[in-house]
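Take a look at the structure set out below.
The values are calculated or read from the model by the stated rules, or taken from the named source; none is laboratory data. Just so we're clear, the structure is a prediction, and the values are computed from it rather than from any experiment. Cβ atoms come from the backbone with ideal geometry, glycine included; neighbour counts cover every protein chain shown.
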Amino acid sequence: MNTSDTKTLREYDRAHVWHPFTQMKEWEESDPVVIVRGEGTWIVDSEGNRYLDGVAAIWTNVHGHCKREINEAIKAQVDTLEHSTLLGLANDKAVLLARRLVEIAPPGLCKVFYSDNGSTAVEISVKMAFQYWQHQGKPEKTKFISFKNAYHGDTIGAVSVGGIDLYHAVFRPLLFPTIQAPAPYCYRCEFGERDRANCGMRCLKELERLMEIHAHEVAGLVIEPLVQGAGGMIVQPDGFVRRVRELCDRYDILMIADEVAVGFGRTGAMFACEREGITPDIMALSKGITAGYLPLAATMTTQKIYDAFIGEYREMKTFFHGHTFTGNPIACAAALASLDLFENERLLDSLTNKIGYLAERLQALNEVRHVGEVRQCGMIAGIELVKDAETREPFPWEERVGIQVCLEARNRGIFLRPLGNIIVVFPPLSISLDELAFLMDGIEASIRAIT
Ligand code: PLP
C-alpha cells in the first residue's frame, strides 16, 4: 500500500467512521494510524510502520496476531459451516466449546449461555440472577450491588452496574439504580487508610454493612475479580474476592464474576477466580475467549441456577434471551483452537518468567519522577502518573499526560491506550521476553520524556 492509499483511507475514516470513546473533533484534526496487518505481537500500518501492540487489541489478544493455528481453524470452519442458529438447533463447535469451557472453569460452573461481547455476557448475568429469584419465590430480590470504579460494558444493563462517573453519569436517568459499594482502590483509599497491610479492609466492612441493610432486596453482586480494568487497572488485595464470596454466601446474594478482561490466562491463572479458590454463581467471559479474533461471549453458571429455570412451558420459567449470532461456529472454532494452543504451547507455564520480569521493570519505575503507583496482576499493569508523588496529587485531567506519554511511545514503535493518567500494560500473552523489554524500555523512556 502506498502513501496515497493512506491519504484516502484517512480521508474516508475522518469522513465516515465514528470511533468509540473518542472526541471526534480532535480525531478529525489528526492523521489516524490505519492498521492493515498483524504479525505476532506487532501491528503494521498502511505506511509500513510497525508497532508493538501494548494493549493486545483492547485486552483481547492472547497468542499474537494472525496465529497460524487459529487462522487455519477459522478457514476450515468457514468452508464447513459459517453460521447456524442456536434457537432450535445445536452446532458441533458450540457444543464442543461448551464442554471445554466447563472442563477449565472453576468447579461447579457447568452451563454455558453464549452471546457476542462482554457487555451482553454481563447483561445476561444480571437478567439471569434477577429471574432466578423470581422463580425462587423471592420476587423482592431485584437489586444489584456494584462497585465504585467498576466497568462492565456499555449496554444499558452493563452501564447500570458500572461505577465510573466519567463514562456513566450522563446516562444515570436511563439506568436502574444499584447499591454502590466502595472498591479497594488502596492508593486512593476513600477511608483515608495509608497502610494497606493493616487496614483490615475497611471497604469490606462497608460492603457487609450494605449487605446487612439490603440483603432481602438484593439479587446479585457484580465484581471484576482481582483487577478493576477500565477503572484504572486497580488491583485488589489478596483475599478480597474470597471474602466477597463468603459475604455473598452469608447474605444469600448471587456472586457474578465479570472475567471479561481478566479471564483466559491474563492474571497468570486461566481464570482470576481460580487464584482466590472460589467459584462464582455466574461468570461472564468474552475478549480472550477467541484469543482476540472474533466476537464471542459466554455466561457460565451452576446447576443450581440452571435448575431454577426448568419447568413446563406454561410455568413461564424459560430464559427469554438470545442473540442472532449466539454460538457462531466460526467464533467457537477460533475459541477451540485457542484452547488447544493454551495446552500445546503450555502458555500458562510460560507466563511465570514474563510476569516476574514485568514485576522487576515495574518496580524500577517507582524511582521515576511522577510515577505515583505501579500496580500489577499477572500480565496486567497500570502505571499511575501523578503531579506530585509525595502528596499523590493527580495531574489535571485536561493536561492529558497519559495521552502524551502514549503518543511519545508511538514514536518509539509501541501502541498504548491510557486510562486517563494511568498507562496500561496489557500485551498479548505470547509476547517474548525481548519484546517485553522493548515495551518497558519504551514506556520508561516515554514517561521520562514527557513528565
Ligand atoms: N467487562 C469488563 C471487565 C470489561 O473490561 C469490558 C470491556 O472492556 C466489558 C465488560 C465489555 O466488553 P465489550 O466491550 O466486549 O462489550
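Filter the helices (runs of 4 or more DSSP H) completely within the stretch 1-89 down to those with at least 3 residues that are at pLDDT below 95.
On the way: elements: 3-16, 24-28, 56-59, 68-78.
The helices (runs of 4 or more DSSP H) meeting that bar are 3-16.
Here is a yes/no grid of residues against (1) free of Cβ contacts under 8 Å to residues at least 12 places away in the same chain; (2) assigned by TED's automatic domain parsing to the domain that holds Lys287; (3) within 23 Å of Pro418 (Cα to Cα):
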position	(1), (2), (3)
Met24	yes, no, yes
Trp27	no, no, yes
Gly38	no, no, yes
Trp42	no, no, yes
Asp45	no, no, yes
Asp53	no, no, yes
Trp59	no, no, yes
Ala76	no, yes, no
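Which residue out of Glu373, Glu390, Glu315 is surrounded by fewer than 16 Cβ atoms within 10 Å (Cβ to Cβ) and not assigned by TED's automatic domain parsing to the domain that holds Leu97?
Glu390
Would a scan of the stretch 254-267 turn up a residue that is within 16 Å of the ligand (Cβ to nearest atom), among the acidic types (Asp, Glu), part of a loop (DSSP other than H, G, I, E, B) and in contact (Cβ under 8 Å) with a residue 60 or more places away in the chain?
Scanning the stretch 254-267, I find no residue that is within 16 Å of the ligand (Cβ to nearest atom), among the acidic types (Asp, Glu), part of a loop (DSSP other than H, G, I, E, B) and in contact (Cβ under 8 Å) with a residue 60 or more places away in the chain, so the answer is no.
For the stretch 237-253, give me each residue that is surrounded by fewer than 18 Cβ atoms within 10 Å (Cβ to Cβ), of a type outside the set (Gly, Ala, Ser) and either more than 23 Å from Lys304 (Cβ to Cβ) or within 16 Å of the ligand (Cβ to nearest atom) (or both).
Within the stretch 237-253, Pro237, Asp238 meet the criteria.
State yes or no: is Ser146 within 16 Å of the ligand (Cβ to nearest atom) and either without any contact (Cβ under 8 Å) to a residue 40 or more places away in the chain or within 30 Å of Leu336 (Cβ to Cβ) (or both)?
On the way: within 16 Å of the ligand (Cβ to nearest atom): yes; either without any contact (Cβ under 8 Å) to a residue 40 or more places away in the chain or within 30 Å of Leu336 (Cβ to Cβ) (or both): no.
The answer is no for Ser146.
Any idea which residue in the stretch 149-158 is farthest from the chain's Cα centre (by Cα), counting only those that are near the ligand (Cβ under 10 Å from one of its atoms) and at negative phi? Please lay out each step first, then the result.
Initial filter on the stretch 149-158 (near the ligand (Cβ under 10 Å from one of its atoms)): 150-155, 158.
Imposing the further condition that a residue be at negative phi reduces the set to 150-152, 154-155, 158.
Values: Ala150: 11, Tyr151: 8, His152: 8, Asp154: 12, Thr155: 15, Ala158: 13 Å.
Residue satisfying both the conditions and the ranking: Thr155.
Which numbered condition trips up Ser119, out of (1) touching a helix residue (DSSP H, G or I) at 6+ places or on another chain (Cβ under 6 Å); (2) assigned to a loop (DSSP other than H, G, I, E, B); (3) of a type in the set (S, T, N, Q)?
(2)
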